[in-house]
């Protein structure tokens, strides 16, 4: 009985009931006023036409436009209304002001560190241009005196993350898409409680949709009772809106402004292979120590301000002393960056496009999803046709079967152009990494799909000349030993029905 009640009153069930209730009310209203249906129909058609005109003129990816225009024109009665409720990135005046405040605060606090030009002599104009782009449009500076350690598995970062948290003296900031109770989160929570009792400023941000299945609605109160300040990002309230866009997909674990972790991992047991859901979970993470960690601290604080309002005293969080970095270790350059879906600038996609288009020898990519725009598809094909060794690693065991079909639907044109694609046979790949020419790499939260590149808040770390670049490359090459290479012949052996399914899925891929 208790289990049945738990299921009935779980947030997911309540959300579903509210959505069903909205549909039921709409049906009842239409039945009650059936004699006026023609007027309702004409009203919806006009709304749909206006919405299509809005979409056509919007500054967004053409594939995303087509994916919405097709269903709106096929079903004008509901298509336009559905888009208004769930499809766009429109902001209220209040939230737009807060978003502008995030950009302004990033610029105010970090702009004095802009130094992209120092890359010119050693790494050339391509490196300078990439770094300068991140300075101008992500408002994030290039960092020196920064050490970056790459972790090829979530299992590997677990111990180092706990050690860093235990060493916190002033503050701990966590920001994650998913938190789920288990060994990973409970181990962290024990430390957070202990540190909060000792007077450390402990804050947690998690995404409401990301934790819809994993945490109860009142979980912030549970954390507050333990001395941990907690905020939920973009609460999902399915009344007059079913908007699932603009989620906080970033991953930050920050300690005292001098040490920060990010990457693909969330705070749940599958990410450290303590729970096996889709075979072996291959993820990645990166630890940034030194100046770069301060940039990530500012990113967290701007998000905290965005959620709560008000302004933080940023200088009070600036680390007075940075941890010593071994003198015999070449550091290279590190540039953490963040991407907002609400500023009209696709930072994540642009970083990836720059890495692909500037590659001269190789591009090695790891991604859980391959649902790419025409721009990225063209860049990958052109690089391969030009003789660049382009390889992509995706999962063999999917976490979402429909999304997996969409991923595989993108294989054939890439293979035809000479791109090599590998599936990770032991399980699911969740890392989001690029390694390029032994010079550049990026590790972060940004999937190669429309949601990450256009609809969610994301983060990453761009590396130039850092030892971790070769670590990312080595991890990719070592993992090929347990991967299956996909051939063009295999793609073409699919049944006509499956090929038709994939063709249809590709049209609507931007909505997935």
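The values are calculated or read from the model by the stated rules, or taken from the named source; none is laboratory data. Quantities reported herein were computed from a predicted structural model and do not represent experimental measurements. Because the Cβ atoms are built from the backbone with ideal geometry, glycine has one as well, and the counts that use them run over all protein chains shown.
What to note about this one:
- Failed item in (1) touching a strand residue (DSSP E or B) at 6+ places or on another chain (Cβ under 6 Å); (2) touching a residue at least 40 places away in the same chain (Cβ under 8 Å), with residue 229 passing the rest: (2)
- Condition met for residue 316 (in a helix (DSSP H, G or I) and under 14 Å from residue 105 (Cα atoms)): no
- Contact map, segment 296-313: residues that are in contact (Cβ under 8 Å) with a residue 12 or more places away in the chain paired with residues that are in a loop (DSSP other than H, G, I, E, B), Cβ distance under 7 Å, separation 6+ or inter-chain. Pairs shown: 297/257; 301/312; 304/312; 305/311; 305/312.
- Meets criteria (outside any helix (DSSP H, G or I) and over 30 Å from residue 102 (Cβ atoms)) for residue 372: no
This table checks each residue for (1) outside the structural domain of residue 482 (by TED's automatic domain parsing); (2) in contact with a helix residue (DSSP H, G or I) (Cβ under 6 Å, 6 or more places away or on another chain); (3) farther than 21 Å from residue 441 by Cβ.
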position: 221; (1), (2), (3): yes, no, yes
position: 226; (1), (2), (3): yes, yes, yes
position: 245; (1), (2), (3): yes, yes, yes
position: 257; (1), (2), (3): yes, yes, yes
position: 263; (1), (2), (3): yes, no, no
position: 284; (1), (2), (3): yes, no, no
position: 309; (1), (2), (3): yes, no, yes
position: 315; (1), (2), (3): yes, no, yes
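- Within the option set 102, 95, being in a helix (DSSP H, G or I), modelled with pLDDT under 70 and under 27 Å from the mean Cα position of the chain (by Cα) holds for one residue only, 95.
- Qualifying position, being assigned to a helix (DSSP H, G or I) and crowded, with 18+ Cβ neighbours inside 10 Å, among 134, 174, 162, 215: 134
- Just so you know, in segment 408-437 the residues that are assigned to a helix (DSSP H, G or I) and touching a strand residue (DSSP E or B) at 6+ places or on another chain (Cβ under 7 Å) include one that is modelled with the lowest pLDDT, and it is 411.
- Hits in segment 438-464 (condition: assigned to a loop (DSSP other than H, G, I, E, B) and either out of contact with any strand residue (DSSP E or B) (no Cβ under 6 Å at 6 or more places or on another chain) or closer than 20 Å to residue 390 by Cα (or both)): 438, 439, 446, 447, 449, 456
- Yes/no for residue 277 being at pLDDT below 95 and farther than 21 Å from residue 106 by Cα: yes
- Residue count, segment 192-212 (criterion: more than 20 Å from the chain's Cα centre (by Cα) and outside any strand (DSSP E or B)): 9
- Residue 175 fulfils the conditions (1) over 27 Å from residue 472 (Cα atoms); (2) under 21 Å from the mean Cα position of the chain (by Cα) except for a single criterion, (1).
- Matching residues, segment 375-407, being within 29 Å of residue 277 (Cβ to Cβ) and part of a strand (DSSP E or B): 391, 392, 393, 394, 395
- Scan of segment 475-508 for residues that are surrounded by fewer than 14 Cβ atoms within 10 Å (Cβ to Cβ) and more than 30 Å from residue 70 (Cβ to Cβ), ordered by number: 477, 478, 481, 484, 485, 487, 489
- Whichever residue in segment 228-239 is at pLDDT 90 or above and touching a helix residue (DSSP H, G or I) at 6+ places or on another chain (Cβ under 7 Å) and, among such residues, is nearest to residue 201 (Cα to Cα): 228
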